[in-house]
Amino acid sequence: MALALLVVSCKKDKGPQTVAVTGVKVTPAAVSLTPHSEHTFTVEVYPVDATNKAVTWDFEDSEVEMVEGKENTFYVPYYQDEPIVLTVTTVDGGFTDEAVISVAEPVIPTGITLSDPVDMKVGETQTLSYTITPDNACQCEEEIIWGYEPYRSASDPDCVIIMDENTGEITAINPGTATVTIETLNGYTAQKTFTVEASDLVADYTWAWAGGKVNLTAPSEVESYELTYPDYLQIEKGKLECTLAGELTLPLFLNKGMAEISDGYVRVKANLKNGQTAYNVIVSQAWKPAFFDNTSLAEPATSYKPGKIYLAIFDAEYTPLQNTETTWVEVEYPEGSGVGDFYPSPGASYQYRTHQIKEGEFDNYGVIVKYGDVKFDFDLTPQK
């Protein structure tokens with residue numbers, strides 16, 4: 001009879017083995033940069049199959065910046081007479097290596113010139129190019145300052161152009177004459193003047209309060225509309241859209257950096273079926289309501305009680321508007337609300353409207369202040 005022999009191993013599987021780091025190397029070991037430039041270093045962690053290749057950088061007290069989104073990349077903002085020492089350290093084992101950045105002294109500009117602008121129509125954009133002399137001077141945005149006249153916000157009727165003062169991009173806002181100036185940090189300037197003409201994409205109004213509509217008339221049949229607005233803005237309330245018939249609806253914008261409502265311009269591009277394009281710029285004027293417990297309008301009410309309550313409408317500069325300027329504002333009360341109108345109403349020159357919080361028990365104390373799709377909801381429930 002044959003016997004079968006079964007051998008069972010009790011040895012445990014240890015799984016993947018950890019490979020420890022034994023060293024690190026940075027290349028190049030030294031580099032020379034000019035101000036406003038960057039460099040990417042190569043970091044090699046040994047052995048090549050090390051398990052944990054993570055490293056950290058140390059550049060304490062050095063005027064150098066790591067570039068976000070770019071691994072092992074450093075930016076030098078300006079001239080420094082002392083070398084910059086960067087130290088890289090492995091997370092596993094604490095092995096280190098160094099790289100040195102020397103910053104070359106910048107070549108001082110001796111002049112600057114601007115390219116010739118083209119005349120524009122409202123809504124069009126252009127960016128002028130510049131040349132700093134001598135050729136080996138830094139041809140970079142950090143060394144120049146843009147300016148333009150008339151210097152106005154887009155919501156000002158006297159505004160002709162708006163310029164992105166970081167990139168130099170120009171957007172034509174209203175017909176007129178504009179002058180663009182560029183200046184080096186050591187005082188050399190160049191200047192160009194051009195004309196902005198009316199748009200072929202005709203608007204019945206150049207601006208509207210947020211929530212309002214503007215009607216556009218294109219020079220020929222429209223295939224589609226494209227709507228853009230500056231990066232520093234976001235839509236806070238309402239919607240931004242344009243029908244093929246040219247009815248443009250404007251939203252309430254928020255300045256992202258300041259977290260406050262803001263006037264904002266919308267650049268409208270009409271793609272025509274004949275292959276051409278037409279542009280315009282329409283401004284959305286910001287507004288915001290607030291309730292007050294007295295007519296001084298000094299501070300919005302933070303608590304409520306039965307009796308008179310005063311509604312004021314403010315613009316983006318927090319200036320109260322007269323009632324004649326806010327006839328477009330609608331006030332609604334949800335069904336069962338304990339808030340209502342108070343009569344007699346104040347005159348047209350007043351900066352507030354009078355409402356009342358009623359005595360008694362009600363389903364709610366809601367108020368809606370709106371214009372189009374831009375709506376503000378308030379709860380004026382009295383304190384007990």
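The values are calculated or read from the model by the stated rules, or taken from the named source; none is laboratory data. Remember, predicted model here, so these are calculated numbers, not experimental data. A quick note on method: Cβ atoms are made from the backbone with ideal geometry, for glycine too, and the neighbour counts reach across all protein chains shown.
A compact table of results
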| item | result |
| --- | --- |
| Hits in the stretch 264-278 - residues which are assigned to a strand (DSSP E or B), in contact (Cβ under 8 Å) with a residue 40 or more places away in the chain and within 16 Å of Thr243 (Cα to Cα) | Arg267, Val268, Lys269, Ala270, Asn271, Leu272, Ala278 |
| Tally of residues being outside any strand (DSSP E or B) and at pLDDT below 95 across the stretch 135-150 | 9 |
| Residue satisfying condition, being farther than 30 Å from Ala270 by Cβ and either without any contact (Cβ under 8 Å) to a residue 40 or more places away in the chain or in contact with a helix residue (DSSP H, G or I) (Cβ under 9 Å, 6 or more places away or on another chain) (or both), within set Asp92, Asp81, Asp97 | Asp81 |
| Meets criteria (charged (D, E, K, R), more than 22 Å from Gln351 (Cβ to Cβ), in a strand (DSSP E or B) and more than 16 Å from the chain's Cα centre (by Cα)) for Glu223 | yes |
| Residues that are aromatic (Phe, Trp, Tyr), within 20 Å of Val374 (Cβ to Cβ) and surrounded by 13 or more Cβ atoms within 10 Å (Cβ to Cβ), drawn from the stretch 305-346 | Phe314, Trp328, Tyr333 |
| Criterion: of a type outside the set (A, V, I, L, M, F, W, C), in a loop (DSSP other than H, G, I, E, B) and under 29 Å from the mean Cα position of the chain (by Cα) - qualifying residue of Tyr304, Tyr318 | Tyr318 |
| Single unsatisfied condition, Thr27 versus (1) of a type in the set (S, T, N, Q); (2) surrounded by fewer than 14 Cβ atoms within 10 Å (Cβ to Cβ); (3) under 23 Å from Cys140 (Cα atoms) | (3) |
| Selection count where residues are aromatic (Phe, Trp, Tyr), free of Cβ contacts under 8 Å to residues at least 40 places away in the same chain and either part of a strand (DSSP E or B) or closer than 24 Å to Ala210 by Cβ (or both), scope the stretch 337-384 | 1 |
| Filter result for Asp200 (under 22 Å from Ile161 (Cα atoms), surrounded by 15 or more Cβ atoms within 10 Å (Cβ to Cβ) and charged (D, E, K, R)) | yes |
| When residues of the stretch 118-146 are limited to those that are hydrophobic (A, V, I, L, M, F, W, C) and within 23 Å of Lys269 (Cβ to Cβ), the one surrounded by the fewest Cβ atoms within 10 Å (Cβ to Cβ) | Val118 |
| Test for Ile132: is it in a strand (DSSP E or B) and touching a Pro at 6+ places or on another chain (Cβ under 7 Å) | yes |
| Boolean, Asp158 is charged (D, E, K, R), loosely packed, with under 14 Cβ neighbours inside 10 Å and either assigned by TED's automatic domain parsing to the domain that holds Pro77 or within 18 Å of Glu183 (Cα to Cα) (or both) | no |
| Selected residue (criterion: surrounded by the fewest Cβ atoms within 10 Å (Cβ to Cβ)) from residues of the stretch 37-51 that are modelled with pLDDT of 95 or more and within 25 Å of Gln80 (Cβ to Cβ) | Thr42 |
| Flag if Ile309 is under 28 Å from Ala203 (Cα atoms) and aliphatic (A, V, I, L, M) | no |
| Residue in the stretch 217-228 that is of a type in the set (Val, Ile, Thr), assigned by TED's automatic domain parsing to the domain that holds Asp116 and touching a Lys or Arg at 6+ places or on another chain (Cβ under 9 Å) present | no |
| Any chance Gly211 is part of a loop (DSSP other than H, G, I, E, B), within 14 Å of the chain's Cα centre (by Cα) and not hydroxyl-bearing (Ser, Thr, Tyr) | no |
| Selected residue (only one of Thr96, Thr34 is modelled with pLDDT of 95 or more, surrounded by 12 or more Cβ atoms within 10 Å (Cβ to Cβ) and either of a type in the set (Lys, Arg) or out of contact with any Lys or Arg (no Cβ under 8 Å at 6 or more places or on another chain) (or both)) | Thr96 |
| Selection within the stretch 242-255 - part of a strand (DSSP E or B) and within 16 Å of Tyr205 (Cα to Cα) | Cys242, Glu247, Leu248, Thr249 |
| Residues located in the stretch 165-182, provided they are surrounded by 19 or more Cβ atoms within 10 Å (Cβ to Cβ) and either in contact with a helix residue (DSSP H, G or I) (Cβ under 7 Å, 6 or more places away or on another chain) or charged (D, E, K, R) (or both) | none |
| Residues of the stretch 285-299 that turn out to be surrounded by 14 or more Cβ atoms within 10 Å (Cβ to Cβ), within 34 Å of the chain's Cα centre (by Cα) and without any contact (Cβ under 8 Å) to a residue 60 or more places away in the chain, as a count | 2 |
